[in-house]
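Notes for the one structure printed next.
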Amino acid sequence: MDDPFQMQRELRYGAPVCDQILTGRHFTIGYSWYFRQPKWTLEIINRDRELVNDPEGVERLDNFRADTRIPKRFRAGLKAYKGSGYDRGHLVASANQDLQDIQNSETFLLSNMSPQAPQFNRGIWRELEMEIRDLDSRASTLETYVLTCPVFYFGETIERIGKEQEDFGISVPIPHAFIKSVLAENKRGRHRLWTFQIPNAPQTEPLESFLVKTYDAEQMVGGRFWDRIAGGDLHRDKSRPRKMW
């Protein structure tokens, strides 16, 4: 079997472990069978934009659907989200992958979704996604890698959406928070790193207040994020970041 870490460009700097790796055309999902949602997603924001004829991109497709690459008993379906009060929250944002229809379509697989509180998903989560796209659009930025992970606090009650059936379970646990680790590479080959941890609830504090040490976020998720970066061991920077890019 081919090694996806050698085939997928977005995995070049490493990724945490998972139950199943789902390689898309433009991003990769590390799936958790236990939680029936991603353990992580990893993407390069709209890579190869310069090779696409329409730089304005395509319309959002909204074709939500189950991912049939996952065994039925371990995957989420649309019924789990229906009437739950939670959004089907993208981990790889639709607007991050909008150069081609097939590219955008893959972001609507439920393997790329986690239950998100509506005011969180449409508020600070959307704001963070927009800020990352702004970083990526700067002339000095070569590529922007984004690792996104749901977080569960096992000392707290974990609520679920959907319901269990006799033949297989379709309920999906609701993450307590989400992590985004943003690795930007400039045109001189240098890297900068920011990691955010935001509770899955409406927020009023500025994005900067959710910056955390990447090492601490790794401990929370249970795996190293950028383990193929050597030298200065960037992902274990001991300083606490205080400002956005």
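The values are calculated or read from the model by the stated rules, or taken from the named source; none is laboratory data. Not measured: the values here are computed from a predicted model. Neighbour counts are summed over all protein chains in view; Cβ atoms, including those assigned to glycine, are modelled from backbone coordinates with ideal geometry.
Within the range 136-155, being at pLDDT 95 or above and either among the aliphatic types (A, V, I, L, M) or in contact with a Phe, Trp or Tyr (Cβ under 9 Å, 6 or more places away or on another chain) (or both) holds for TYR145, VAL146, LEU147, THR148, CYS149, PRO150, VAL151, PHE152. Which residue is surrounded by the fewest Cβ atoms within 10 Å (Cβ to Cβ), if the candidates are limited to the range 109-143 and must be over 30 Å from ARG190 (Cβ atoms) and free of Cβ contacts under 8 Å to residues at least 40 places away in the same chain? Once the filter is applied, the top-ranked residue is PRO118.
Scanning the range 225-243 for residues that are surrounded by 16 or more Cβ atoms within 10 Å (Cβ to Cβ), in a loop (DSSP other than H, G, I, E, B) and at pLDDT below 90 gives ILE229, PRO241. Filtered by the rule that a residue be of a type outside the set (A, V, I, L, M) and buried (at least 16 other Cβ atoms within 10 Å of the Cβ), the range 54-76 gives GLY57, ASP67, PHE74, ARG75.
Taken together, the residues in the range 49-86 that are farther than 21 Å from GLN116 by Cβ, part of a loop (DSSP other than H, G, I, E, B) and at pLDDT below 90 amount to 8.
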